[in-house]
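Enquirer: Sharing a structure here in structure tokens format.
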Amino acid sequence: MSIAQALLPEFEHEIAGVRRVLERIPVEHLEYRPHPKSMTLGQLANHLATMPGWIVSTLSRTELDFALPETRALMPKPSTTIEGLLSTLDAGREEASKALAKASDADFQVIWSGKADGKVLFSMPRIAVVRGFVLNHAIHHRAQATVYLRMLDVPVPSLYGPTADEA
């Protein structure tokens, strides 16, 4: 089994969970922030919605400078609607699935670098970027979003099994 064949079901499963969380976000609470140092729910939701698209950048380039205006211009515009968030997520999922499906094992071994103003922040094989900076990162922020939902008394969706709200 290729790396892509192994990753695709995991990717689809985790992004389906992100979608279920985004579907539950109450639009009237997008400005909710549990702590002054926390992102707002809207910022967190937009961050989550863009993550699948990062796989395309990872597999089509060998580096990305996050500080460059042209890099920021590639990011989808933030949405203030659930429909917009889901549209961004779904488009990124579709493109990422295609990129993953056509990636060879050798493609995943290519070193990829994240930069800021030309300074290398990290360099690692693409597989580590996909796993760590996309999948694990999405799982982390999805979990944060479920805490926000709980604090807002919004039923938390099932991700790996029933929640207290969906027993």
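Enquirer: Can you name the residue in the range 1-43 that is assigned to a loop (DSSP other than H, G, I, E, B) and open to solvent by less than 40 Å² (accessible area, probe 1.4 Å) and, of all such residues, is farthest from residue 151 (Cα to Cα)? It would help to see each step written out before you state the result.
Expert: Going through the range 1-43, the residues assigned to a loop (DSSP other than H, G, I, E, B) turn out to be 1-2, 25-26, 30-40.
With open to solvent by less than 40 Å² (accessible area, probe 1.4 Å) added as a condition, the list becomes 2, 25-26, 30, 38, 40.
Details: 2: 41, 25: 12, 26: 12, 30: 13, 38: 14, 40: 13 Å.
Filtering the range 1-43 for residues that are assigned to a loop (DSSP other than H, G, I, E, B) and open to solvent by less than 40 Å² (accessible area, probe 1.4 Å), the one farthest from residue 151 (Cα to Cα) comes out as 2.
Enquirer: Further question: Return the total of residues in the range 56-91 being free of Cβ contacts under 8 Å to residues at least 40 places away in the same chain, closer than 21 Å to residue 108 by Cα and either open to solvent by 50 Å² or more (accessible area, probe 1.4 Å) or assigned to a strand (DSSP E or B) (or both).
Expert: 1
Enquirer: Additional query: All but one of (1) hydrophobic (A, V, I, L, M, F, W, C); (2) assigned to a helix (DSSP H, G or I); (3) farther than 17 Å from residue 10 by Cα hold for residue 108; state the number of the condition that does not hold.
Expert: (3)
Enquirer: For the range 131-167: of the residues being among the small types (Gly, Ala, Ser) and open to solvent by less than 70 Å² (accessible area, probe 1.4 Å), which is nearest to the chain's Cα centre (by Cα)?
Expert: Keep residues of the range 131-167 that are among the small types (Gly, Ala, Ser), which gives 132, 138, 143, 145, 158, 161, 164, 167.
In the following step, the residues that additionally are open to solvent by less than 70 Å² (accessible area, probe 1.4 Å) were identified as 132, 138, 143, 145, 158, 161.
Working: 132: 11, 138: 4, 143: 12, 145: 12, 158: 18, 161: 21 Å.
Going through the qualifying residues, I end up with 138.
Enquirer: Related question: Determine which single condition residue 98 fails, assuming it passes every other condition in (1) of a type in the set (D, E, K, R); (2) in a helix (DSSP H, G or I); (3) touching a strand residue (DSSP E or B) at 6+ places or on another chain (Cβ under 7 Å).
Expert: For residue 98, the exception is condition (3).
Enquirer: Looking only at residues in the range 49-97 that are basic (Lys, Arg) and modelled with pLDDT under 95, which one is nearest to residue 113 (Cα to Cα)?
Expert: Step one: list which residues in the range 49-97 are basic (Lys, Arg), which gives 61, 72, 77, 93.
Applying the additional criterion that residues be modelled with pLDDT under 95 yields 72, 77.
Working: 72: 16, 77: 24 Å.
Taking the candidates together, the pick is 72.
Enquirer: Next question. Output the qualifying pairs, or none if there are none: Cβ atoms under 9 angstrom, residues six or more apart or on different chains, first residue in the range 99-110 and within 11 Å of residue 130 (Cβ to Cβ), second residue of a type outside the set (S, T, N, Q) and not in a helix (DSSP H, G or I).
Expert: 108/125
Enquirer: Kindly provide the set of residues from the range 111-141 that are assigned to a helix (DSSP H, G or I), without any contact (Cβ under 8 Å) to a residue 60 or more places away in the chain and over 16 Å from residue 4 (Cβ atoms), ordered by number.
Expert: 132, 136, 140
The values are calculated or read from the model by the stated rules, or taken from the named source; none is laboratory data. As the structure is a prediction and not an experimental result, all values here were calculated from the model. A quick note on method: Cβ atoms are made from the backbone with ideal geometry, for glycine too, and the neighbour counts reach across all protein chains shown. In case anyone asks, the SASA skips ligands and DNA or RNA and just uses the protein heavy atoms, side chains included. Shrake-Rupley method; radii C 1.70, N 1.55, O 1.52, S 1.80 Å.
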